[in-house]
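Heads up: the structure comes next, in structure tokens.
The values are calculated or read from the model by the stated rules, or taken from the named source; none is laboratory data. Remember, predicted model here, so these are calculated numbers, not experimental data. Cβ placement follows ideal geometry from the backbone for every residue including glycine, while neighbour counts extend to all protein chains displayed. With ligands, DNA and RNA removed, areas are computed over all heavy atoms of the protein, side chains included. Shrake-Rupley method; radii C 1.70, N 1.55, O 1.52, S 1.80 Å.
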Amino acid sequence: MRIIYLADIHGAFARVRELLSGTDAQVYIIGGDLIDRPFYTQEMSARYRALQSRLALLQYRFNSGDTGIDEFVEELLGRKELPADIRRDAAEYRDSTIRARRVLQQKYKVLESILSLKGNSQVFCLPGNYDMDLQYTSLHGRDLHRHWRHAAELRIAGYGGADVATPGIPQKYCVPYRADRGMSEMSRFFAETRPDIVVTHKPAHGVHDHVAPMGEIGSTELRNYCEDNTVPLCLTGHIHDQWGFKEIDGTIYLNPSNFGEVHRPNGTVAEGGFFYSIDFQDRQVSTVILSKLVRGVAHDVVRYLSRDDRWVEKITDPDRFGALLRGKNHDREDAAGSSVRNEMLRNMKWFFPGAEAKQRILEVSEKVGHAALEIAKQYGASISLDFLGGEGPQSSREHTTLDVVLYVRHAEAAKNGGSIPGDLMIRQVLEKCPQVRILDCIDLDEVDRALQEQDYECYAALRFAAYRAFGRTLAAGDALSVEERLNSVRAFRGEIEGTGCAYMEIFRNVAARVENMKLFDARLRELGITAPEAFKHKIRGCFHGGIEAEYKKAD
């Protein structure tokens, strides 16, 4: 049996997808720190960290260290005699914490949609100090924290988290770490389950755990358990530069280093991509391979082979091994293309191909623009239109279908027409331009409401931001002024673009695993989301495998 183990992925979900598609193992284990940050933008993350730091200092001054920071914030909000700026910070921190939980849930849904693509393998996840307790997320069925699983004849058990406060991560949602306190929760759990493979985020004391200037910070409980019991394999992470293979008294300890990119304290970036392949024979480890994933290709770096009751190290890639040994990057390129905006545009291009309009599309576009102006004049309602793409044979000028999104203020239209004439407007456009397909209609009043209330979950605002970033304007109308207001709150736009991008990624991944729209909708309901009709139109032709080729085209 082969197990692939990786840790500290820190939001590198696309890289996880590459690993799953490019490797073959019966079991995959991800050992903690699944998330990089609980927001989509640096602005929101920096603001939250600053609030967290200010309030922690205030908590110290108030001598309220016995309670968590969230309880302290609620206490501040109830004290009306405090200065307005303190209560304002407390309210912002509380609201941002709620937002952080929603983003974390969305990111775990994206990861679940990726892990589900590996349907023939078991895939397990352990939370780290960056993570929520996974039992409250879409990953609950894969959770190893205080759970054990059978893989063939082996029993795998895990204990997640770490005894550190991670800046920028909401403390109230972090997985609780109740270990290293004598006969603690972790000790009791492992004693009850007696696993063949132990998975923890925090390393064992004295093994892959040195942090300057503190020294060895690993778990004494974990080390004692492995020494006192028969544990063939202990998988850990957490301390990225303390990677390696070590065998002590019959237990093999492995830390693969970080799989996702990680920002070091000195401002540099550690490239990541490292993982272990572990082969078992007769319930014992027979071979261990440290590999590195580089642009979708796995490169073996060093092999550990069992020979005559001892382990032999064989370096297979001296350059990459040497770079890792020195803490240097070897394969990292400029990651400028990995922003939320670029990722969203990549997804939009996949859903709405043909944005590079040919002459025929330009001709039809002009007609659509004129039709929109006529309808606006007739009904007294501002009409905006964006061109999303064209479908049809590239060589054909007569059969290209133009995909368009319509923006209208329903309240304004209702005043002038007695009822919301959205359908009538669409029919008028289609009569004048039979090759036009209006895929979506956005109420600009709803987008304005979301802007005013900072509603990050408004579906109309999510779609509006995506369409306006990608589409070509045919009739500007009020959409232009609404977008200007959206751009004036850059962090808000970045956050809703992140949410929209997450949903599109989920749509694509789920479509690759199901066979029809009924199953697709059912799977989305399990994840707690729905897909707009405009996106369902594209998805209908891409079920169960056909999506893979489209992924490669878009990338």
Net +/- balance of residues flanking His210 in space, Cβ distance below 10 Å, scoring K and R +1, D and E -1: -3
Net charge, Glu453 excluded, C-beta distance under 14 Å - Lys, Arg +1, Asp, Glu -1: -4
Heavy atoms of Arg178: accessible area, 1.4 Å probe, square angstrom to 10: 110
Sequence-separation-based contact order of the range 151-279, relative, with Cα cut under 8 Å and 6+ spacing, percent: 18
Of all accessible heavy-atom area on the range 1-154, the percent that carbon and sulfur account for (1.4 Å): 47
Beta bridges by DSSP in the range 126-280, antiparallel share as percent, to the nearest 5: 55
For the range 432-546, the fraction of alpha-carbon pairs in successive 10 Å shells from zero, as %: 12, 40, 31, 16, 1
13 Å beta-carbon shell around Leu34, net charge (K/R +1, D/E -1): -2
Rel. contact order, % - alpha carbon contacts under 8 angstrom, at least six apart, the range 32-125: 34
For the range 137-155 versus the range 60-79, the gap between their alpha-carbon centres in whole angstrom: 36
From the coordinates shown, Rg and Dmax of the Cα atoms in Å corresponds to which of (1) 23.9, 81; (2) 26.7, 88; (3) 32.9, 113: (2)
Net dipole in debye of the range 9-102 [+1 Lys, Arg Cβ; -1 Asp, Glu Cβ; about Cα centre; nearest 20]: 260
Cα centre as origin, Lys/Arg/Asp/Glu Cβ charges: the chain dipole, Debye: 740
Surface accessible to a 1.4 Å probe, per residue, for the residues of the chain, Å²: 44
At R0 = 60 Å, FRET efficiency that the Cβ-Cβ distance of Ile315 and Arg449 yields, to 0.05: 0.50
Average Cα contact separation per residue, the chain, under 8 Å, 6 or more apart, as relative contact order %: 12
Solvent-accessible ranking of Asp196, Asp300, Asp228, largest area first, probe 1.4 Å: Asp228, Asp300, Asp196
Cα centroid of the range 455-492 to Cα centroid of the range 220-247, whole Å: 50
Heavy-atom accessible area ranking, 1.4 Å probe, most first, across Thr97, Thr268: Thr268, Thr97
DSSP-defined beta bridges in the chain - what % are antiparallel, rounded to 5: 65
Nearest-0.05 FRET efficiency for His140 and His263, computed from C-beta distance (R0 41 Å): 0.90
